[in-house]
Amino acid sequence: MGMSFEEISEFYRAVGVGNERSVTVLAENTRFVHRRKGDRLRVAGKEMNTVLFHLNGVGRVYVIDEEGHDQIVGFCYTPGGACLGASGIQEKFTLNVDAVTDMDTLELSITALKHVMKKDPQIAEIVQKLMAEDHDVDYRWHVAMNTKKGAERYCWFREEYAPCIDVVTQKDVASFLGITPQSLSRIRAEMNEE
């Protein structure tokens, strides 16, 4: 399968890159990667050498707590979305990302991205926009966690993360919502009765 150079170029045009020279350099330094369910896409603490653009499938984003447990902080499911890390482009990844399903991604060299950003100010604007979109999703999650009770959080999750509902495990959804899997099971059972 894969993607042709022209298809990758079209991807960059679709995210807003207007300068054809920039499109060419970005496309030349991007590779299509098919990930299998269970593959690790990002490892916290490892050098950040690529930006990952999500094309399809679902990934889970998490940190590992002091006791060695995964704490889910998000899910990748938006086609065209970028996996930049908690603070955008940085030296090391701050989050872990695993494929929950098979996933297709585009991986752009950070070195090439920084080179193009120096020559084309529009690229920096696009990166800022992608970071703002990530921040907005994170902000909505924090608001839900701090203002909603368990059942309300699950209703919010069903709206905000509809493509993930029957894909991610109940354990991961519970972790993301800050409730126990047993509480989530009870909430789901009550909703099914209504």
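A few points about this structure:
- Each residue in the range 173-194 was checked for being surrounded by fewer than 20 Cβ atoms within 10 Å (Cβ to Cβ) and in contact (Cβ under 8 Å) with a residue 40 or more places away in the chain, and 1 of them qualify.
- Spans of helices (runs of 4 or more DSSP H) in the range 84-194 with at least 1 residues over 30 Å from Gly2 (Cβ atoms), in contact with a strand residue (DSSP E or B) (Cβ under 8 Å, 6 or more places away or on another chain) and not hydroxyl-bearing (Ser, Thr, Tyr): 121-147, 170-177
- Failed item, numbered, when Glu107 is tested on (1) buried (at least 19 other Cβ atoms within 10 Å of the Cβ); (2) in contact with a Lys or Arg (Cβ under 8 Å, 6 or more places away or on another chain): (1)
- Taking the criterion of being touching a residue at least 60 places away in the same chain (Cβ under 8 Å) and either in a strand (DSSP E or B) or touching a Pro at 6+ places or on another chain (Cβ under 8 Å) (or both), the residues of the range 1-59 that qualify are Thr30, Arg31, Phe32, Val33, His34, Arg35, Leu41, Thr50, Val51, Val58.
- In the range 115-144, the residues that are under 25 Å from Gln182 (Cβ atoms) and surrounded by 14 or more Cβ atoms within 10 Å (Cβ to Cβ): Trp141, Ala144
- Between Asp120, Asp104, Asp136, the distinction of being touching a His at 6+ places or on another chain (Cβ under 6 Å), assigned by TED's automatic domain parsing to the domain that holds Tyr77 and of a type outside the set (Phe, Trp, Tyr) belongs to Asp104 only.
- Meets criteria (assigned by TED's automatic domain parsing to the domain that holds Met131, among the polar types (S, T, N, Q), free of Cβ contacts under 8 Å to residues at least 40 places away in the same chain and closer than 23 Å to Gln170 by Cβ) for Thr78: yes
- Filter pass, Leu55 being in contact with a Lys or Arg (Cβ under 7 Å, 6 or more places away or on another chain) and within 30 Å of Phe157 (Cβ to Cβ): no
- Where a residue in the range 111-131 is among the acidic types (Asp, Glu) and its partner, wherever it lies, is part of a helix (DSSP H, G or I), with Cβ under 6 Å and at least six apart: Asp120/Ser22
- Comparison of Phe32, Phe53, Phe75, Phe11 shows that the only residue that is in contact with a Cys (Cβ under 6 Å, 6 or more places away or on another chain), aromatic (Phe, Trp, Tyr) and surrounded by 12 or more Cβ atoms within 10 Å (Cβ to Cβ) is Phe75.
- Boolean, Val33 is in the same structural domain as Thr105 (by TED's automatic domain parsing), among the aliphatic types (A, V, I, L, M), closer than 27 Å to Asp138 by Cα and modelled with pLDDT of 95 or more: yes
The values are calculated or read from the model by the stated rules, or taken from the named source; none is laboratory data. Predicted model, so just to flag it, every value in this text is computed and none were measured. With ideal geometry, Cβ positions are generated from the backbone for all residues, glycine too; neighbour counts draw on all protein chains shown.
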